[in-house]
Every structure is written in structure tokens, then in C-alpha cells.
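In what follows, a structure is listed as C-alpha cells, so that the remarks can point back to it.
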Amino acid sequence: MKVKINGGEYDYVPNKKHRNKTPKASQWRISQSLEIASFSQSIGEGWLDGNYSWGLHQVSGSCQYLGVDRDHITRVFIARFEAKATPAVWHGYPVNYAFERPPESVTKNWLSSGALAAAKVRKIIQGKRCSL
Amino acid sequence: MQPIKLTIAGEYWDSQIYQGILYLFTRDGAIKTVNWDPLVDGLSTGQSLRLAASCAFQRSDYLYNSNFQMIFSDADVKNVIQKKFVALHDCKLHIDQKTLAKKFERKSQDTPFPFPHADSLMYGRSMYVVGQSGLWQADCNKRNVYPVSRKPGRIWDAPVLAVSGNYGSLALSAGREGLWEVDLGWSEYRQPKKAKNISKRPCIDCEWLYYSIFASSYDDSGYLASFSNELEHVKKNSEDDDDIDDLHSSVGQGPRKRIFEGEIDSSQIFKKLGHYSWGVKDKVYSGGNKKISVSSYNPWDKYGNAIQQVGTYELEHAGSIVSAGVASFGVVIEYDDAIVVLPSKGKAVMLRGEPVNWRVFPKSLHYQNHLHVIYGDHIAIYSFNHDYFVDQKNKIYGSRPETNELYRPRIPQTRQNIQL
């Protein structure tokens, strides 16, 4: 599907394995439209790092859990989107920051924009337990 | 005895204090260097509380001195000093941003390091910072226009979660990549050596137990990377050096080398499946299920019992431990919604609210009684002063204090000693 963000158009194809309980694949626990909203925000806000963008799920300005990790138990609140192939086709999946941590450019943006509370950003960067 | 609290307004990310300078990392990526001693001297405490204020914020080693310990055996003297700390606790000590900038700020500069970082460290007149982009170092000199050099060097490029320094080396927690160490090469032109992997087991935090390193982990509760610290063989330049070499070996002096001996699992230390564990210097702790287990560590134990179990005690606060630390004044535990301090004497102190960051300075001589806690709009610098009056040999919570008194090793009676 085509997603319009800040005047640009992005191809986004949700990956089924992150919704159909595939073992060892993290699972979305928010609707597909909210998954795309998370993608739109990550691109729109410039939460980018090479071929990846990093998303959150915000409800009334507050960050919420968006899925579960590869064990299908651990709740997670960060998503990673990646563009495969040329031209770029994006898809995304929930990630556990204990394994995949966003780069400093993204956490800096989250910190300065207030997308995530400073205390939460610190715990992500330090790999510490963080509950919302 | 309640802690003394000094607050400084502002939005901070991290803090360090070293040789009379308070370093405040702001959340917009700057470092403010603050003249700490004038700030403390300028607190409106009144002349009668000057000694207490100085011991609380500038010279934590002062009252640990053995001369004072002797004086404290007089209950009346002890009572007078304690009352001064209690009176200081009742004072509202606050610095607003305007006063900070006008009176005490030496410099505000952009951080030369990638920001936001995971951890920082002051060690050997350098500032070290770690994060996703690795380990960085910058020289610090308060006399320079920029107290933190604007030309930092990158020592290692792997993501690091935490750093701690001792014995001329840095211990590095690299999460799933394990525990690493960088020899700063102080004995050889101050050129850091290549990072060395100590253990492949996960490590999210690390601290030094004298010359060994304790690695904390959520995955398998943690482990002690045990080292020995042995005399290095010194090359003799001539036959005349024989005496010097013999003297070194007899009194245990001379250059030493740390040698990795192996890992000791937290479950071995506490004789049960462990929870989150941590330690510093002479203490190791393991906490969970509203209980905390304590073990002592003495690598010099002459009977070979370096680790000894002390006991298991009830914890009032429930919840998962996010992180923890140890200082001379007690144990600090971070939960989701609060920091709890288990002091070496007295009731637990609860600091409610989720902190942006916090740190203690267990290896500092002058600031070992500090607990820095950063909240949304200020930093709270707590000073704990009960530990001066505690029996250091038998305390359960808290590490051995730092003092400026020289450590004198016991000289074994050998033929060489007798001849001397």
C-alpha cells in the first residue's frame, strides 16, 4: 500500500509473520492501521537510521505497548521498520531493545521531542528494565 | 539520621563530580562545569553548620579518619556532631538556574561525545563516556577554556551499556556481548590497549570488587570475574638489583599484574539460584522476592575463603529491581517507581518517583557519601552521613569507605626482614 508522509509516498507491505503467531517472530498487538500510523510517525519525525526507522505507539501523547517479543510473552513498545529491495518497500515489526537498540540519533530525537520520557530513554540506552 | 538534600534546578541527563568540579550533562546535549566548593561554601547554613556542610558535600573522607573515629568513642562529642547533621537536614538547600549560571558555573559547552550516552566516568583526570557508538575519552582540565576537551578520542567502537574504572583499566558492560576490559596503558605511554573480552555471558552493569569485577545481568543474575593480583617478575639490570627484587617479593610490593582466574556464578556466591546481583569492593548483594542476600568479599583472606555469606534479610519494597549500586553509606536499589536506600544504620530511605538517572561514587575519596538523583526538572544531591558512626567491620549494607590513610601491608617475618 502507498503511505503519504510529509508530501512523500512510501510503499508499505505489512509482513504476515508478525501477526500470525509465527514462532520466534515478534508479534504486533495493535491494529494494522496503528502499525502504519507508527511507521508514518517514525518517517515523519525523522527517527531514521540508514535503512531503518524506529517507531513508537503513542496514545494521547503517551507511549503504549505495541506488541510482544519473539517469545510472544515479553511486551515491547518499540518497532523497527526496514526498507527491503529497490525501490524501497517497507515493513515493520516490534523489537525488544535488549537485543536491538535504536541508535543515538534516534534516542536523541525521542529525548528532545519528548516522544518518550527521559527516564525511559535512559533505561533503553542502558539496556535496563523499563515498564510503561 | 536522614540524608541531607541539595537541589539544583535544571533539566539534566547525567552528573559527575570530581576534584571540586560538578559536571552536569543537560538534556539538550551540553555539559555545565560548576565550581562545587564555592557553591557549598555559599549555602545559607550559618557558621555553626559549616563543618557539617563541608563533610556532607565536600570531604566525605574527613570523619572516617581514625583520629575522628577515636573522638567519636566519646558519646557527647558524637552527639554534638550528629545534631549538626540533623540540623543541616532541616535546612532547605536549593540553587536555582539563574544563581547557578551567575555565581557558580565555570563553563557551559556542547558535549564532545555522542549524545545521549549510556554511562559516564571520571577516572585519571579524564572523562569517559559510553553508549551505542562505543567508548570515548576526553581530557579534563578545569583551567582550560573548555574544561572537557573538545577533541575526544574513540577507544572502542562496540555498543557499551556501562563503564567502571579501577587498576588502570575500564570494565565495560556490553549487554549480550558480555563483559570486556580495556587496559588504559598507564604504564606504557598512556595508550589504551585493545579491548579484551573477559566473559561472553550477558552483562548490563559492572563494578569493581577490588581487582576483580562483578558483572550484573537480568539473564543469569550475574557473576564475579575473579582475578588474582600477582607480583610481576621484574627484570634485574645488575646483580645489585638482587636485594631490591628480594625486598619486593618479601614485603609484597612492586609492580603487579592482574590475572584472570575464572567466573564465579552468583548462585555459587549465594548458594542458591540467584536474583539480580551486584557488588562493589567488599560486598556482593542479590535481591528479589522482597529479600536481599549479602556476601562479603576479601581476596586477601589468608584461609582462602574470599567469599563469605553474611545473611539474608527482608526487603520492605516489592517489585523488580531495575538497577542497584553500593556506596559506603549503604545499598541503593532502583525500582520502577522509586529508589530505595538501605543505609548501613537505620531505616530504609525511599525516594519516590522514577528517576531520569542516578549514581553513587563508591571509589571517590571526597564524594563517597553522595547520591545524585536526576528528576524531570532538577538534580537532587543527597548526602548520607550516618556511616561515620557505624562499626565498619560488621556493617551489612555498604562498602568499605575510602580514606586517605595509607594502607600498610603486614610484612611477613622472613630472613630478609630480620636482616633489615
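The values are calculated or read from the model by the stated rules, or taken from the named source; none is laboratory data. Note that the coordinates shown come from a computational prediction; the quantities given were computed from them, not determined experimentally. Glycine gets a Cβ as well: all are built from the backbone with ideal geometry, and neighbour counts include every protein chain shown.
Given (1) away from every other protein chain (no Cβ under 14 Å); (2) within 25 Å of B:Ser133 (Cβ to Cβ); (3) crowded, with 17+ Cβ neighbours inside 10 Å; (4) touching a His at 6+ places or on another chain (Cβ under 9 Å), where does A:Glu82 come up short, assuming only one miss? (3) is the only condition that A:Glu82 fails.
Given the condition in contact with a Gly (Cβ under 8 Å, 6 or more places away or on another chain) and at pLDDT 90 or above, answer yes or no: does some residue in the stretch B:297-306 qualify? So that I can check it myself, show each step before the final result.
Of all residues in the stretch B:297-306, those in contact with a Gly (Cβ under 8 Å, 6 or more places away or on another chain) come to B:297.
Next cut, at pLDDT 90 or above only: B:297.
The answer is yes; a qualifying residue exists.
Can we say B:Lys363 is more than 14 Å from chain A (Cβ to nearest Cβ) and either under 24 Å from B:Ile81 (Cα atoms) or not in a loop (DSSP other than H, G, I, E, B) (or both)? Spelling it out, it is not the case that B:Lys363 is more than 14 Å from chain A (Cβ to nearest Cβ) and either under 24 Å from B:Ile81 (Cα atoms) or not in a loop (DSSP other than H, G, I, E, B) (or both). Quick one: is A:Ala98 within 14 Å of chain B (Cβ to nearest Cβ) and modelled with pLDDT under 95? Answer is yes for this residue.
For A:Pro102, state whether it is within 15 Å of the chain's Cα centre (by Cα), free of Cβ contacts under 8 Å to residues at least 60 places away in the same chain and either under 29 Å from B:Gly353 (Cβ atoms) or not in a strand (DSSP E or B) (or both).
Details: within 15 Å of the chain's Cα centre (by Cα): yes; free of Cβ contacts under 8 Å to residues at least 60 places away in the same chain: yes; either under 29 Å from B:Gly353 (Cβ atoms) or not in a strand (DSSP E or B) (or both): yes.
When the stated conditions are applied, A:Pro102 passes them.
For the stretch A:18-46, enumerate the residues that are under 15 Å from A:His91 (Cβ atoms) and either modelled with pLDDT under 95 or over 16 Å from the mean Cα position of the chain (by Cα) (or both). Passing the criteria: A:Asn20, A:Thr22.
A:Ala83 - would you say it is assigned to a strand (DSSP E or B), within 18 Å of A:Gly8 (Cβ to Cβ) and either within 13 Å of the chain's Cα centre (by Cα) or modelled with pLDDT under 95 (or both)? I'd like the intermediate steps shown before the answer.
Values: assigned to a strand (DSSP E or B): yes; within 18 Å of A:Gly8 (Cβ to Cβ): yes; either within 13 Å of the chain's Cα centre (by Cα) or modelled with pLDDT under 95 (or both): yes.
The answer is yes for A:Ala83.
With respect to (1) without any contact (Cβ under 8 Å) to a residue 24 or more places away in the chain; (2) surrounded by 16 or more Cβ atoms within 10 Å (Cβ to Cβ), the lone exception for B:Ser173 is condition (1).
I'm checking my understanding of the structure. Among residues of the stretch B:190-235 that are aliphatic (A, V, I, L, M) and outside any strand (DSSP E or B), which one is farthest from B:Trp180 (Cα to Cα)? Outline the logic, then answer.
From the stretch B:190-235, those aliphatic (A, V, I, L, M) are B:195, B:198, B:204, B:209, B:213, B:215, B:224-225, B:231, B:234; that's our starting set.
From what's left, outside any strand (DSSP E or B): B:195, B:204, B:234.
On the way: B:Ala195: 7, B:Ile204: 11, B:Val234: 28 Å.
If we take residues in the stretch B:190-235 being aliphatic (A, V, I, L, M) and outside any strand (DSSP E or B), then B:Val234 is farthest from B:Trp180 (Cα to Cα).
Within the stretch B:307-327, the presence of at least one residue that is touching a strand residue (DSSP E or B) at 6+ places or on another chain (Cβ under 7 Å), aromatic (Phe, Trp, Tyr), in a strand (DSSP E or B) and away from chain A (no Cβ under 14 Å) is confirmed.
None of B:Gly42, B:Gly46 is more than 23 Å from the chain's Cα centre (by Cα), of a type outside the set (Ser, Thr, Tyr) and on the phi > 0 side of the Ramachandran plot except B:Gly46. Note on the stretch A:97-110: residues that are over 21 Å from A:Val68 (Cβ atoms) and either crowded, with 23+ Cβ neighbours inside 10 Å or of a type in the set (Asp, Glu) (or both) total 4.
Answer yes or no: is there a residue in the stretch B:379-393 that is of a type outside the set (Val, Ile, Thr), at pLDDT 95 or above, surrounded by fewer than 23 Cβ atoms within 10 Å (Cβ to Cβ) and in a strand (DSSP E or B). The answer is yes; a qualifying residue exists.
Pairing residues of the stretch A:1-21 that are over 13 Å from A:Ala37 (Cβ atoms) with residues that are at pLDDT 90 or above and acidic (Asp, Glu), at Cβ distances under 6 Å and at least 6 apart in sequence or on separate chains, gives A:Lys2/A:Glu9.
Test B:Ser44 against the stated conditions and say whether it is within 14 Å of another protein chain (Cβ to nearest Cβ), closer than 18 Å to B:Ser383 by Cβ, not charged (D, E, K, R) and not in a helix (DSSP H, G or I). No; evaluated as a whole, the condition is false for this residue. Sub-8 Å Cβ pairs linking a first residue in the stretch A:105-132 that is closer than 15 Å to A:Gly55 by Cα and within 8 Å of chain B (Cβ to nearest Cβ) to a second residue that is assigned to a helix (DSSP H, G or I) and of a type in the set (Phe, Trp, Tyr), at least 6 apart or interchain, are A:Val121/A:Trp110, ordered by first then second residue. For the stretch B:126-154, a tally of residues being in contact with a strand residue (DSSP E or B) (Cβ under 6 Å, 6 or more places away or on another chain) and either more than 14 Å from B:Thr33 (Cβ to Cβ) or of a type in the set (Val, Ile, Thr) (or both) returns 12.
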